[in-house]
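Shown next, in structure tokens, is the structure this report addresses.
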Amino acid sequence: MKHRRILASWTAVASISLVSYGVMAAVKTSPHPGRLPDPVVELPTLRIWAAQGESLLGVKFKHPLAAAIIANDIPKLKAGLKAHQGKPLPTLEGGYSLVQLACELSRSDCLKLLIEHGAQVNQQGGGPWKPTPLIDATSVKCHECIKLLLTHGADPNGLSGEQSNHLKMSPLANAAAVNDSTAIKMLIDAGALVNGPPDTTPPLIMAAIRCNSEAATSLLSHGADPNAAGPKDRITPMTACASGACPSIMSQLLSHGADPHGALNHGQTPLIQAAWWGSPQCVELLLKHDPDLLAMDHFGHDATMMACMRGHADVLKLLIKAGADVNRANSRGWTPLMFAARHGAEACVQILIEHDADLNANADGWTPLKEAAVKCHPAIVAKLGAAGANIGYRDRSGYTAMDNAAASGCLECLKFLIEAASPTQSERDRARKDIERVLSHDHISKAQKARLTACLALLDGHAKSDTENP
């Protein structure tokens with residue numbers, strides 16, 4: 001379990017990149033019941049210390065000194081270091097150092113011997129992250145290692161190498177990521193900057209995004225700024241709580257003066273982020289602080305639209321109860337119902353229908369029904385049709401929802417729309433031509449071809465039925 005923390009802390013670093021941009025991407029399954037999945041970027045598969053103790057992060061070490069550290073064989077390590085007297089310590093495979101190996105394995109006695117032999121305590125190590133020894137020690141919560149390093153001059157603000165997301169990790173941020181309040185106090189007492197070095201992600205954000213309450217409490221008690229934003233204002237502690245579905249830390253932040261309305265550089269407020277990530281507890285908490293329900297990000301999305309895009313019906317109910325306008329359109333004419341229909345959010349569609357959402361809202365020729373048809377959401381097409389949506393509406397090019405369903409190869413939507421609209425022969429011919437046009441494309445897949453062929457057969461079947469029953 002100890003060495004899994006190495007991956008957990010670096011996974012938290014990668015997650016910042018995704019959350020800070022508000023990227024709408026798939027998320028991993030959370031191991032925490034009752035919480036939303038952590039919004040993390042998938043990292044390359046790393047072998048965390050093989051069962052036989054032979055490798056670290058997929059690297060196999062061959063040097064005798066490394067073998068002694070792995071085995072925690074102090075006499076063998078002493079003898080090996082004595083043989084290296086006056087020589088620089090070797091660099092291991094993958095750029096790893098002996099100090100890094102000792103820290104990541106919590107070998108404090110080995111670390112002490114290495115330091116006495118003159119090992120560098122601030123040198124970045126190997127591997128994909130190039131952490132300092134102090135960062136390695138915080139990853140595995142080796143407090144004795146941390147104490148040794150700090151006592152012998154380790155920089156409490158020394159940074160890792162730059163990651164693929166252009167972020168660097170500090171020891172304090174890493175301690176917050178693994179929820180180690182003891183290490184946090186040790187580092188701050190040694191001079192670690194409580195809000196992190198410039199151009200790094202503040203430790204409080206690392207705690208919030210992982211919902212690490214102990215770490216957040218410790219940081220706030222040491223004067224952490226609840227409004228300290230990450231690089232380029234892409235994430236704050238409040239939006240980190242929203243993305244991590246963590247109302248407990250959000251409440252702490254608010255009690256310490258966090259701004260409940262503070263927007264990121266792309267305009268997303270904590271409420272917008274909470275609606276996107278689907279945390280009803282965070283939304284309820286924010287609604288008590290009079291948030292701006294009309295606030296939109298720079299892409300034209302408000303909290304209600306975000307909830308509909310993601311299918312968070314419980315959040316949508318809270319927003320409507322608080323006074324959100326179900327028919328509010330953005331600059332492109334898109335309404336919450338259009339977003340819900342496009343993204344297949346059936347429960348949200350039902351809620352919006354019950355609250356008198358405009359079934360025929362039009363954005364450049366697109367309606368909720370046409371969106372549901374082109375994206376092949378038959379249950380939503382049926383709901384909208386039953387509620388009174390205009391099935392026969394034509395856009396500027398003359399296309400109906402039936403045409404959209406046919407060209408998309410959505411057999412179930414096409415069935416409903418044919419039965420509901422009773423199209424003429426000319427209308428069916430138009431849909432048929434659309435299907436044939438798509439079938440003529442060279443890049444069409446076998447699965448899509450099969451769906452389109454089924455739609456053709458359905459149209460031909462209705463034409464035959466009309467002929468037999470004039």
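The values are calculated or read from the model by the stated rules, or taken from the named source; none is laboratory data. Everything numeric here is computed off the predicted structure, so don't read it as measured data. Cβ coordinates were reconstructed from backbone atoms using ideal geometry, including for glycine residues, and neighbour counts include every protein chain displayed.
Do we have any residue at all in the range 359-369 that's touching a strand residue (DSSP E or B) at 6+ places or on another chain (Cβ under 8 Å) and more than 24 Å from CYS241 (Cα to Cα)? Spell out the reasoning first.
From the range 359-369, those touching a strand residue (DSSP E or B) at 6+ places or on another chain (Cβ under 8 Å) are none; that's our starting set.
Taking every residue of the range 359-369 in turn, none turns out to be touching a strand residue (DSSP E or B) at 6+ places or on another chain (Cβ under 8 Å) and more than 24 Å from CYS241 (Cα to Cα).
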| query | Which one is modelled with the lowest pLDDT, of the residues in the range 46-77 that are closer than 19 Å to ASP136 by Cα and of a type in the set (S, T, N, Q)? | reply | SER55
| field | Number of the exception - SER181 against (1) at negative phi; (2) touching a residue at least 40 places away in the same chain (Cβ under 8 Å); (3) not charged (D, E, K, R) | value | (2)
| query | What are the residues in the range 352-390 that are over 21 Å from LYS415 (Cβ atoms), aliphatic (A, V, I, L, M) and buried (at least 18 other Cβ atoms within 10 Å of the Cβ), if any? | reply | LEU352, ILE353, ALA357, ALA361
| request: Give the range 327-360 a look and list any residue that's over 15 Å from ILE391 (Cβ atoms) and touching a Phe, Trp or Tyr at 6+ places or on another chain (Cβ under 9 Å), or say none. | output: ASN330, GLY333, TRP334, MET338, ARG342, ALA345, CYS348
| message | Between LEU254, LEU172, LEU220, which is surrounded by 24 or more Cβ atoms within 10 Å (Cβ to Cβ) and either within 21 Å of the chain's Cα centre (by Cα) or not in a loop (DSSP other than H, G, I, E, B) (or both)? | response | LEU172
| said: Would you confirm, using the coordinates I've provided, whether GLY80 is at pLDDT below 90 and either assigned to a helix (DSSP H, G or I) or small (Gly, Ala, Ser) (or both)? | reply: no
| query | Does VAL349 satisfy being crowded, with 21+ Cβ neighbours inside 10 Å and either closer than 22 Å to ALA421 by Cα or among the hydroxyl-bearing types (Ser, Thr, Tyr) (or both)? | reply | yes
| note | GLY398: passes all of (1) surrounded by fewer than 23 Cβ atoms within 10 Å (Cβ to Cβ); (2) modelled with pLDDT of 95 or more; (3) small (Gly, Ala, Ser); (4) over 30 Å from the mean Cα position of the chain (by Cα) but (2)
| What about ALA307, is it within 30 Å of ASN404 (Cα to Cα), in contact with a helix residue (DSSP H, G or I) (Cβ under 9 Å, 6 or more places away or on another chain), among the small types (Gly, Ala, Ser) and surrounded by 23 or more Cβ atoms within 10 Å (Cβ to Cβ)? | yes
